[in-house]
Amino acid sequence: MENDMTPTQSLKVIEEMIAQAKRSFHRQSYYFMLWGVLLIAAMLFNYVMALRGSTIGGYAWPVMGVVGGVLSFLHGAREGRSKPVTTPMDRVIMWLWMAFVVTLLLTILSSASSGQAMPLASIIVLTGLPTFVTGQLMRFRPLVFGGILFWVLGAVAYFVPISVTVWLFIAAIFFGYLVPGYLLKRQEDGVRPA
């Protein structure tokens, strides 16, 4: 026999999920700050090496991916041991970002194997989706604005030279990942709610 909920009960369940997410969302600050620093460092290294005529800058991306993946995994494992309870919202956010990584890797690898240049504008646009949705799920406006910024700067990146796209990428990561990550961390520490 199916248990039908009243609208009031449904609303209460949704509100409890949001409250649980708000209690656990600060755990996301680490990932936004980690990946923000790694992505900006990789882009700057790649850009400087390209200006010097070197092709080794491209190696920054797989190195950054491995370092970021290992650090994210270790942090997640440590968090899981100290706070083993996950909320439905935690799982939604986890699967959202895993789907993003698969989409991102397929986009990059497909472009590389077809001989195309790195699809930087597409990467910026794609990054807007999980950032925006995570911000909406957590009801955290800096991430929502960060997601919108990724979309806007990514759209602009299709129409400007690659030398400008590099700086659009850095700006998107800085204002879409690092600033919201820092604000999440402040909220986690109880300094000032965002």
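Here the condition is being at pLDDT 95 or above, of a type outside the set (Gly, Ala, Ser) and either buried (at least 16 other Cβ atoms within 10 Å of the Cβ) or out of contact with any Asp or Glu (no Cβ under 7 Å at 6 or more places or on another chain) (or both); of Ile56, Ile40, it holds for Ile40 alone. Residues considered: Ile123, Ile93. Of these, the only one that is within 12 Å of the chain's Cα centre (by Cα), at pLDDT 85 or above, within 18 Å of Pro62 (Cβ to Cβ) and aliphatic (A, V, I, L, M) is Ile123. Residues that are buried (at least 21 other Cβ atoms within 10 Å of the Cβ) and over 20 Å from Asp90 (Cα atoms) within segment 177-194 are absent altogether. Restricting attention to segment 40-73, and to residues there that are under 20 Å from Leu178 (Cβ atoms) and of a type in the set (Gly, Ala, Ser), which single residue is farthest from the chain's Cα centre (by Cα)? Checking each candidate, the answer is Ala60.
For segment 91-114, check the following and say yes or no: at least one residue is basic (Lys, Arg) and assigned to a loop (DSSP other than H, G, I, E, B).
If we filter segment 91-114 for residues that are basic (Lys, Arg), which is where we start, we get 91.
From what is left, the residues that are assigned to a loop (DSSP other than H, G, I, E, B) are none.
Looking for residues that are basic (Lys, Arg) and assigned to a loop (DSSP other than H, G, I, E, B), one finds none in segment 91-114, hence no.
Of the residues Leu106, Leu183, the single one that is more than 23 Å from Leu51 (Cβ to Cβ) and touching a residue at least 12 places away in the same chain (Cβ under 8 Å) is Leu183. Condition check for Ala157 on (1) more than 15 Å from the chain's Cα centre (by Cα); (2) surrounded by fewer than 19 Cβ atoms within 10 Å (Cβ to Cβ): one failure, at (2). Residues of segment 40-92 that are basic (Lys, Arg) and within 25 Å of Val133 (Cβ to Cβ): Lys83, Arg91. Which residues, taken from segment 131-149, are over 16 Å from Trp97 (Cβ atoms), assigned to a helix (DSSP H, G or I) and either modelled with pLDDT under 95 or more than 13 Å from the chain's Cα centre (by Cα) (or both)? The answer is Arg141, and nothing else.
When the residues of segment 88-118 are narrowed to those that are loosely packed, with under 12 Cβ neighbours inside 10 Å and hydrophobic (A, V, I, L, M, F, W, C), which ends up nearest to Gly65 (Cα to Cα)? Here the residue is Leu105. For Gly115, the criteria (1) within 16 Å of the chain's Cα centre (by Cα); (2) at pLDDT below 90; (3) over 24 Å from Phe174 (Cβ atoms) hold in every case but one, which is (1). In the set (1) in contact with a helix residue (DSSP H, G or I) (Cβ under 9 Å, 6 or more places away or on another chain); (2) of a type in the set (S, T, N, Q); (3) exposed (fewer than 13 other Cβ atoms within 10 Å of the Cβ), Thr131 fails one condition alone, (3).
The values are calculated or read from the model by the stated rules, or taken from the named source; none is laboratory data. Just so it is clear, the model here is predicted, and its values are computed rather than measured. We place every Cβ from the backbone using ideal geometry, glycine too, and count neighbours over all the protein chains shown.
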